[in-house]
Amino acid sequence: MADGSAAAAPLLEARGLGRRFGGLAAVDDVTLAVHTGEIHAVIGTNGAGKSTLVNMLSGELAPSSGQVIFAGHDVTRWPQPRRATAGIGRSYQRTTIFPTFSVFENCRLSAQAMRPAPWRFWQSAQHDAHSTRAATQALADTGLAAEAGREAGTLSHGGKRQLEIAMCIATGPKALLLDEPLAGMGAEETGRMLSLLEALRPGHAILLIEHDMDAVFRVADRITVMVNGAVLASGVPEQIRSDPAVQLAYLGGNEAPTLAAEAAALRPEGAGPSLQRPAGRPS
Ligand SMILES: Nc1ncnc2c1ncn2[C@@H]1O[C@H](COP(=O)(O)OP(=O)(O)OP(=O)(O)O)[C@@H](O)[C@H]1O
Ligand SMILES: [Mg+2]
């Protein structure tokens, strides 16, 4: 984390965010903050609610309760395009590129989508120039400049995920919501992606959803653990690593995730004082 960023106002916040699907509380009263210059990882077993949380932060899904605050503004009711234009960028859990287009075209289209002004046909050349510049810069920033002319579908799996980050960067985001950017990657590709995230950290507030614990503990400044839609713990990596409830629920690996609630109940009063506990939940 950038020095002093904890004292600065967060760029992106979830405040008591919740989303129900029928009787299921997919996300339940989640509060977290992401600062510029920080990688905040959200971990949790399958179905914990991580993607649902990202979808509410990006504006693709309306929350059932709570607020999303971005740069001090309540953006809860802003639709996704407005949030994207304001600087909330995201990548998806499933690869979303145009495989038959070039790497460069993928980035340019992404940049262009940020400045839709089809009725201003007389400005289209200028509009194009902006998108071209943004795409060129995004490819340079993400180490893909040499692949610009290549058909996107011919990239390796890791290359495609890198391109998704580049497409996001081409939109000029201040916050990056990355839903499992490392999924399906080998060690070398993972290393490259982590270096990229570290390079992007200054100047961006990064929310990283990830299952690869080694990777998370390598790059995250802060980690929030979700279980059954709710926050079990949130803290710096050392706090999370040594948190008994987290170990029991998640990091042990062999224990069933359903033990999480039991683990939380077993927590001695006052243990782990520096961990954030969701208000109203037993600590
Ligand atoms: N559109 C939907 N309609 C109904 N239920 C949904 C919907 N989207 C998600 N869910 C449910 O909400 C819960 C949380 O799903 P979510 O995709 O957010 O989990 P996740 O933590 O991202 O899981 P994974 O690690 O597998 O990606 C799951 O039980 C899921 O089945
Ligand atoms: Mg998910």
Starting from the Cα-Cα distance between K174 and H130, subtract it from 0.36 nm times their residue separation and give me the gain in nm to one decimal.
14.1 nm
Footprinting exposure proxy for F98, F70 (fewest neighbouring C-beta atoms within 10 Å first)
F98, F70
Loop only per DSSP, at most 16 neighbouring Cβ atoms within 10 Å: give me the trypsin sites (Lys or Arg not before Pro) in segment 49-82, ordered by residue number.
R77
Starting from the 7 Å offset along Cα-to-Cβ, what nm value, one decimal, do you get for the label separation of E198 and Q67?
3.7
Determine, for H130, H73, the number of other Cβ atoms within 10 Å of each Cβ, and report the residues in order from fewest to most.
H73, H130
Could you work out how far the C-alpha centroid of segment 162-190 sits from that of segment 71-108, in angstrom?
12
For segment 63-222, the convex hull over Cα atoms projects on average to an area in nm² of 10.7
Mind giving me the nanometre distance, one decimal, between the label points for A25 and F217, set 7 Å out from Cα along Cα→Cβ?
3.0
Taking the Cβ of each residue in C168, C107 as the centre, tally the other Cβ atoms inside 10 Å and list the residues starting with the fewest.
C168, C107
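Since every read-out is calculated from the coordinates, none of them should be taken as a lab result. Treat the numbers as computed from the prediction; the structure is a model and nothing was measured. All Cβ positions, even for glycine, are placed from backbone atoms using ideal geometry, and neighbour counts span all protein chains on display.
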